[in-house]
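Engineer: Below you'll find the structure I mean.
The values are calculated or read from the model by the stated rules, or taken from the named source; none is laboratory data. These numbers come from a predicted model, not from an experiment. FYI the Cβ positions are ideal-geometry reconstructions off the backbone, even for glycines, and counts take in every protein chain you see.
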Amino acid sequence: MAQDALYGDEPDSDMELVRRVRKGDEAAFRRVVDIHGPRLYLLAMSMLGNREDAQDVVQETFVGAFRGLRGFQERSTVKTWLTRILMNNVADLRRRRHLRKTLPFDEAAEQLGASPARRVTETGRADMRMDIAAVVGRLPEEHRTVIVLREMQGMTYEEIAAALGVPRGTVESRLFRARQKLKEILGDYLA
Amino acid sequence: MVMASCENERKLSAYHDGELPSAEAAELERHLARCDTCAAELRKLRAMSRLLSSAVEVQQVPAEAMDRWRRSLRPGRDRVILRITEMLGAAAAAILLVCSTMLWQQWSSAAGPARQPAAWENVAVRTASGPVRTLAGQLTGGPETPPDVLLANAILADSSGTMGAQP
């Protein structure tokens, strides 16, 4: 997977790292952070749309993972396990703060008065990337989550199902519906 | 040939992700070779994936955040702290359990039915002020019975009753 290469994810060494962390190996813990931090941050950003909250949630995820290390049975991958903890932490944060599930940049995109698809075609490359984030932000949360996990993090349907605690068929149908919606938003840009 | 049903579009999405079972994937590939509409749909899915992947590059993690996460735990030190915390937690739970049990016992003895005094206890109270004339003595005009004799008789009667009640 391209994403795996990007994040340097190697499931076998992941398990080995976790076993070393269990024994108190600090270097192994830092390595787990280096491998999974960036992708967890991306996911948190796509869920919360706020840098500070996203950073805090990732930190809580690593701390929570360490505290729950005894409970990790190695039946799922480290990636799936961490993703699930992160999703729970995002939900907790929302409950604590009564945060909405829509994202701030969704509002920003609408206030600009142009559809994200038009802005994509009319602006430069950097802006185009930002607009993709805005486009994804317009999706309902359950669709946004599967798109991020699949398209941006290269997770398989099985991994996504395990991370979200839903059946594989649900992942498949959510992805399908999310793509239908994205096709509508992006329109001719995909042609 | 046009493939427009939702079921086939759903298959295209799973095929694009490499998640379609091999038999269905082979069938879909045969269909794609002669269906321009479905081939165009697949091209859209691929274009969308490229676009979404490009958004990943925007989300660079700030260096200070990475540092903070790396320093958020020191497994060696934290493992000891965690173990101490667990032990303290277990000790607190044990103390709580003991206290709860004692309180419950006190409460249940206070709230339970009042115990009937034994016969010898009644006799002890009656004879505290000196010799007592028994009912038989009162009827026959006989002598007063000394308190210690009355008390001894009552204790004997009580203990024989208790022993008789044992299986």
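Engineer: Could you check the range A:38-91 and list, in sequence order, the residues that are within 12 Å of chain B (Cβ to nearest Cβ) and farther than 20 Å from B:Ala65 by Cα?
Structural biologist: Correct list: A:Arg67, A:Gly68, A:Leu69, A:Arg70.
Engineer: Determine which single condition A:Asp12 fails, assuming it passes every other condition in (1) more than 14 Å from chain B (Cβ to nearest Cβ); (2) farther than 22 Å from A:Gly137 by Cα; (3) at pLDDT 90 or above.
Structural biologist: So A:Asp12 meets the others, but not (3).
Engineer: Just for helices (runs of 4 or more DSSP H) wholly inside the range B:61-133: which have at least 1 residues that are modelled with pLDDT under 70? Break it down into steps so the answer makes sense when it comes.
Structural biologist: Working: elements: B:63-71, B:75-111, B:119-126.
Here the list reads B:75-111.
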